[in-house]
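This report refers to the structure that appears directly beneath it.
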Amino acid sequence: MQGIVDAFAPLYAMWQSFEAFMAGPGSPGLLGYWIVVVLMMTGFYIVIAHDNLVKKIVGLNVFQVSVFLFYILMAKVSGGTAPILADGIEKYANPLPHVLILTAIVVGVATTALGLALVVRIRNAYDTIEDDEIQAVEEEEDT
Amino acid sequence: MTPAEATAAAAAAGDLMILAILIPVIGAFAVLALGRWENARDAASLVTAICLFYVVTQFYPIVAAGGRPDVVLLDMVPGLPIRLTLEPLGMIFAGIASFLWILTTLYAIGYMRGHHEENQTRFFFFFAIAIASAIGVAMAGNMLTLFVFYEVLSVSTFPLVAHHGSEEAKRSGRVYLGILLSTSIGFLLFGMIWTWEIAGTLDFVPGGILEPEMLQGSMTAILLALYAFGIGKAALMPFHRWLPAAMVAPTPVSALLHAVAVVKAGVFSVLKVVVYIFGIDLVAVAQGTDFLLYVAAFTILAASLVAMRQNNLKLRLAYSTVSQLSYIVLGAMLANEMAATGSAMHIAMHAFAKITLFFCAGAIIVFAHKTDISDMKGLGRKMPVTFFCFFLASMSLIGLPPFGGMWSKWYLSLGAADADKMIFGAVLMLSSLLNIAYLMPVVLYGFFGKPETKADDGHHDADDKDGHGDDHHHAPPSHPLLRHLSFGRAGVADASVMCLLPIVLTSTGCILLFFYADKLRNFISPVFGG
Amino acid sequence: MSAIYLFFLSLPFAPMLEPHLPALQVVVPLLAAPVCVLLRDAKLSWLWALIVTWISFAIALVLLGKTLSTGLIIYEMGNWPAPWGIEYRIDAANAVVLVIVTAIAAVTLPYAKASVEREVPRPRIYLFYLMYMLCMTGLLGITTTADAFNLFVFLEISSLSSYVLISLGQSRRALTASYRYLIMGTLGATFYIIGVGMMYMMTGSLNMADLATLLPAVDHTRTVLAAFAFVVVGLGLKVAMFPLHTWLPNAYAFAPSAVTVFLASTATKVAIYALLRLVFTVFGGTALFDTTGINLMLIILGIVGMFAGAFVAIFQNDVKRMLAFSSVSQVGYMVLGMGMATAAGVAGSIVHLFNHAVMKGVAFMAVGAMFYVIGSVKLNDLAGIGKRMPVTTAVFLVSGLSLIGTPLTVGFISKWQLVVAALDAGWWYIAAGILLSSLLAIAYVWRVVEVAYLKAPPEGSTGRTEAPLSMLVPMIVLAAATVWYGIDGNTTLDIATHAANALMQSVAGGRP
């Protein structure tokens, strides 16, 4: 186990220096935001590039999750705990984005459910869930 | 009527103008309701036409005495109402349109029945709507109102042009509406809104609403060009194609709409814009407007030349109309009192002459089944009344005394001299010669040509698209008098009385206008006095 | 309008309801929608939806009357004061949009009954009305709320329900159209919340009025710039602003007729309003408004959309699809008016919002009625329809003329206002562009007119068969409105000017 961790140590060190470079001196880490951006672009790319309708939905989910992460990251207060009021807790993360993103998660679930339901119906109607094949059929219908 | 009385009467006549526009609309719906009963429907058309003319004549004494009936309806956009005002130019246009509508209705009933046209109810419905909008154009009190009725006129005449529904009719309908809507939306509306931006009003005011200091540089010329070309109904080249295209329509449509209502609405609008929006003084001094004169002159000559080459009589008349309309535009653009008077008079003179010519062309189509001039050799001996009237109207168009057409040309030439642009006087003279060249052959062929014997054994039945065989042109002279006039001579089989009566009346009108031109002039002169 | 408000005040229950009208506007259809599940029956749920939409319409009219007589209405949800609580704000601008949405909803429902029974399987009809009310809820919510995140929630409510509504179309292509709209719509909405999140990061507020005061202080940061971009693109997708319009044509073409009528007249309009609100009231005070050249961008996209939409429409053989592309073109006019960023231009946008809702509603209703009777809206199948369905075709003609912008129809009023606005600002070439693009409309409208009136009906067609009266009457009512507000453009332009002034208040430098 330790061997694996050690193997990645140089990579991690490289990442740390990269992060420090990107953040500039004295600013909080931007790693989280970088993850958001990478996830967002990954999801977006899947939506655009894949012809499989289910994969598009997966991509859409990744895209949305990146936004959830984005909201949660922005709620973080340096040194703050979870926003649960208890004795002795002075500093806590901003709870509002958490609440907002709960709503967004619900919306995301609804979208995914509806999208998948549509894919099932499309599969029944077209016998395929590949977008390029569907488009070929539709173009034929048009002419 | 004293001026004071006229003002009082004018105030009372405001609502009467709304009535004048509503009468044909009501008539149109009466036609629609009576569609099943042919006679009742046609009677409704005729009664409507007579009512309208009666109402329009009521305005004459008021306007002649200097009254300007005026009524303001609701605001269409803030500060810009639908407004009706009647002044001498509009009075002339409304009077001509409503008078000729009666005759055309008479003629159309005879024509449509004689030609066994389909969809007659639709035809008479849109016919009435078109007249309502023509009256609206005549009575418009500001540019917006004029534009509104102008567009209604374009759209309501489309079903008339495309009446037959054939491929050719559809194509022509497309050209017709395409050009008229494109020019009016693309140029006229643009010019109008621009004017509204500059002047803050669109009312027709004697002397014009645009002042020289509002327009810098070539703006006057650009704006004037937007109007001149935007009013596509004036058929200034290169936007004249719709007029020949519209000749696929039944002849009464060509007669009334394309000799009177539609094209006259066009040149009338040009005249109104020059007189009441710009003011003739502004147009006279503005830089760079001369090119419009050349465009008009070119249109006059080029259209005449094209007309000479047309073998189809209706097409020849259509190009002749294009040419004649530019007389009026030319007069307006010369921008002095004489020329503008000539323009206004030419609206009346050309209306009577051209409608006669179209009536004759239609009579020849219905009763001799001929559309091509080369087929008309000797036809004049068969239809003497028709061809004689054609001759009279041609003389008027050429501008010879004792016909009305002489006076308008006279004043236009004087206008060209006044403006120190004698070249346009020369254009007018040249064009008169061209008129002779394309109109007289029809008459000469008709009276002196030798009918080709082949022409009688039916090869020209190709022209007779409906292919009905019941009333062929070899109809025996024993036909009932109401159907054909025979004069008791063998071989004479002129058009039915329903058709001949309007023809005779309008050609008489051409002569009367020669003797009453003075009255017309006095009636118009206050327009330029202020 | 204020007369309606005064009449409402004279009612016995008015004092109790009056303060809560802004909330009721959204809450009534929201709570009413699930009742359909209990009703189950197609007829009963139709009747229920009819009652609810007409009540909503009445509320919207009273609200418009109130804003026009007393000005801005502020309603704090659950009595939490802004910026902590969610606030509803109703001014002249969104009151107009509320009236448009509810009026179209109310007029479409009588029409929908026969049409839906023909196009949707009977056991699912109650779900149709449920979704219809939810969609209306979402649209009304977007319009009333003054909270940027709340707007997202309502955006998704309306979007999710409209995906379902579109997928109810008869053809299998309705499914793919709905799916594609779902993907695009979700991307758009997500873009929007990314933008909102960034604004929240920089200001700590979600209240629009609050944001408008806080943003100028931080408008030099890249975060706010990105937020602006995300918001404009996200809402631009919903607006179907060129080139983000690709979902629209199929969605409109394959949805059930009643859905097309409703969505075409309301959904893009509400999105336009949301965009107007965000761009002008939230970002209006920031320097971004000038530095990003957003107005020039909107003008260019608007003009390109105007031409591209109309041009593609000319070549469509399916009339519903043709009208959908025409919508893309018409949206271009609204975007263009917005891009002018003057009170006159925005007023042109808003008046076109109303006018286009009315005329496109008529057009889609007429096409839906044709589909009801002959089962197709392909151009070839419409031969001689003018003889077979004279009333429907005449109504279509009215809306067609309005799309062209001939006088005496509402289309002329919109065009007039937009051209005047363009000339006011000295952009004569934009004015020329607006007029030229209407020439393209002649081409596509006239293709239908020629087929409808000048082609003989096919052999064996059964004489005159009109759609049922329940479809004809709403159609005629809207067509009458098309003509009436085309003659009396003063009323609508007056309200639109009020609305534009309300929106433009916070724009930098107090633009005229």
The correct count of residues that are buried (at least 17 other Cβ atoms within 10 Å of the Cβ) and more than 33 Å from the chain's Cα centre (by Cα) in segment C:435-456 is 2
The residue from B:M440, B:M429 that alone is under 26 Å from the mean Cα position of the chain (by Cα) and free of Cβ contacts under 8 Å to residues at least 24 places away in the same chain is B:M429
Sole miss for B:L223 among (1) more than 12 Å from chain C (Cβ to nearest Cβ); (2) closer than 16 Å to B:V270 by Cβ; (3) at pLDDT 85 or above is condition (1)
Log entry, pairs with first residue in segment C:382-410 being touching a residue at least 12 places away in the same chain (Cβ under 8 Å), second being in a loop (DSSP other than H, G, I, E, B) and surrounded by 24 or more Cβ atoms within 10 Å (Cβ to Cβ), beta carbons closer than 7 Å, six or more apart or on different chains, reads C:V398/C:T409; C:L401/C:T409; C:S402/C:T409
Inset, instruction - Can you confirm whether segment B:82-91 contains a residue that is open to solvent by 10 Å² or more (accessible area, probe 1.4 Å) and within 14 Å of chain C (Cβ to nearest Cβ)? - result: yes
Filtering segment C:105-138 down to residues that are modelled with pLDDT of 90 or more, open to solvent by 10 Å² or more (accessible area, probe 1.4 Å) and out of contact with any Leu (no Cβ under 8 Å at 6 or more places or on another chain) yields C:L130
Quick count over segment B:367-382, residues being farther than 23 Å from B:M308 by Cα and surrounded by 24 or more Cβ atoms within 10 Å (Cβ to Cβ), is 1
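Residues are listed down the side, and each one gets a yes or a no for (1) at pLDDT 90 or above; (2) open to solvent by 60 Å² or more (accessible area, probe 1.4 Å); (3) outside any helix (DSSP H, G or I); (4) at the interface with another protein chain (Cβ under 10 Å from one of its Cβ atoms):
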{"site": "A:E19", "(1), (2), (3), (4)": "no, no, no, no"}
{"site": "A:W34", "(1), (2), (3), (4)": "no, yes, no, no"}
{"site": "A:L60", "(1), (2), (3), (4)": "yes, no, no, yes"}
{"site": "A:S78", "(1), (2), (3), (4)": "no, yes, yes, no"}
{"site": "A:H98", "(1), (2), (3), (4)": "no, no, no, no"}
Checklist entry - Are any of the residues in segment C:344-351 in contact with a Lys or Arg (Cβ under 8 Å, 6 or more places away or on another chain), touching a residue at least 12 places away in the same chain (Cβ under 8 Å) and away from every other protein chain (no Cβ under 11 Å)? => result no
Restricting attention to segment B:397-408, the residues that are crowded, with 24+ Cβ neighbours inside 10 Å and out of contact with any Lys or Arg (no Cβ under 9 Å at 6 or more places or on another chain) number exactly 4
Counting only residues that are over 13 Å from A:V107 (Cα atoms) and more than 9 Å from chain A (Cβ to nearest Cβ), segment C:152-170 contains a total of 6
Scanning segment B:115-158 for residues that are open to solvent by 10 Å² or more (accessible area, probe 1.4 Å) and either over 21 Å from B:S172 (Cα atoms) or in contact with a Lys or Arg (Cβ under 9 Å, 6 or more places away or on another chain) (or both) gives B:H116, B:Q120, B:T121, B:F149
Inspect segment B:209-224 for any residue being more than 25 Å from the chain's Cα centre (by Cα), outside any helix (DSSP H, G or I) and of a type in the set (D, E) and give the result as yes or no. yes
*So is A:T128 modelled with pLDDT of 90 or more and open to solvent by less than 50 Å² (accessible area, probe 1.4 Å) or not?*
no
### Meets criteria (more than 9 Å from chain B (Cβ to nearest Cβ) and in contact with a helix residue (DSSP H, G or I) (Cβ under 8 Å, 6 or more places away or on another chain)) for C:T492
yes
C:G197 vs (1) small (G, A, S); (2) more than 12 Å from chain A (Cβ to nearest Cβ); (3) open to solvent by less than 30 Å² (accessible area, probe 1.4 Å): all pass except (2)
Residue hits (segment B:183-213; surrounded by fewer than 19 Cβ atoms within 10 Å (Cβ to Cβ) and within 14 Å of another protein chain (Cβ to nearest Cβ)) are B:E197, B:I198, B:A199, B:G200, B:T201
In the set A:T128, A:T103, the lone residue that is facing chain C (nearest Cβ under 7 Å) and either hydroxyl-bearing (S, T, Y) or touching a residue at least 24 places away in the same chain (Cβ under 8 Å) (or both) is A:T103
Residues in segment C:82-95: is at least one open to solvent by less than 10 Å² (accessible area, probe 1.4 Å), on the phi < 0 side of the Ramachandran plot and β-branched (V, I, T)? yes
- If you check C:W427 against the conditions, is it surrounded by fewer than 22 Cβ atoms within 10 Å (Cβ to Cβ), under 16 Å from C:Y333 (Cα atoms) and not small (G, A, S)? yes
All-but-one check, A:A82 against (1) surrounded by fewer than 17 Cβ atoms within 10 Å (Cβ to Cβ); (2) within 10 Å of chain C (Cβ to nearest Cβ), failing number (2)
Checked segment C:160-192 for anything surrounded by 23 or more Cβ atoms within 10 Å (Cβ to Cβ) and polar (S, T, N, Q); matches are C:S162, C:S167, C:T176, C:S178, C:T186, C:T190
Expected single match for over 29 Å from B:A140 (Cα atoms), open to solvent by less than 20 Å² (accessible area, probe 1.4 Å) and among the polar types (S, T, N, Q) among B:S343, B:S304, B:S320 is B:S304
Note on segment C:385-408: residues more than 10 Å from chain B (Cβ to nearest Cβ) and not in a helix (DSSP H, G or I) are C:M389
Output for Cβ contacts, cut-off 7 Å, separation at least six or different chains, first residue assigned to a loop (DSSP other than H, G, I, E, B) in segment C:73-101, second charged (D, E, K, R) and crowded, with 22+ Cβ neighbours inside 10 Å, reads C:I86/C:D147
| query | Could you say whether any residue in segment B:249-262 is out of contact with any Cys (no Cβ under 8 Å at 6 or more places or on another chain), open to solvent by 10 Å² or more (accessible area, probe 1.4 Å) and within 14 Å of chain C (Cβ to nearest Cβ)? | reply | no
In segment C:387-406, residues that are open to solvent by less than 10 Å² (accessible area, probe 1.4 Å) and either touching an Asp or Glu at 6+ places or on another chain (Cβ under 9 Å) or modelled with pLDDT under 85 (or both) total 3
Worksheet item: Is it the case that some residue within segment B:161-174 is touching a strand residue (DSSP E or B) at 6+ places or on another chain (Cβ under 9 Å) and either more than 11 Å from chain C (Cβ to nearest Cβ) or over 19 Å from B:L257 (Cα atoms) (or both)?
Response: no
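The values are calculated or read from the model by the stated rules, or taken from the named source; none is laboratory data. Quick caveat: nothing in here was measured; it's all calculated off a predicted structure. Methodologically, a virtual Cβ is constructed for each residue, glycine included, from the backbone with ideal geometry; neighbour enumeration extends over all protein chains shown. Heads up: the accessible areas ignore ligands, DNA and RNA and are worked out on the full protein's heavy atoms, side chains in. Shrake-Rupley method; radii C 1.70, N 1.55, O 1.52, S 1.80 Å.
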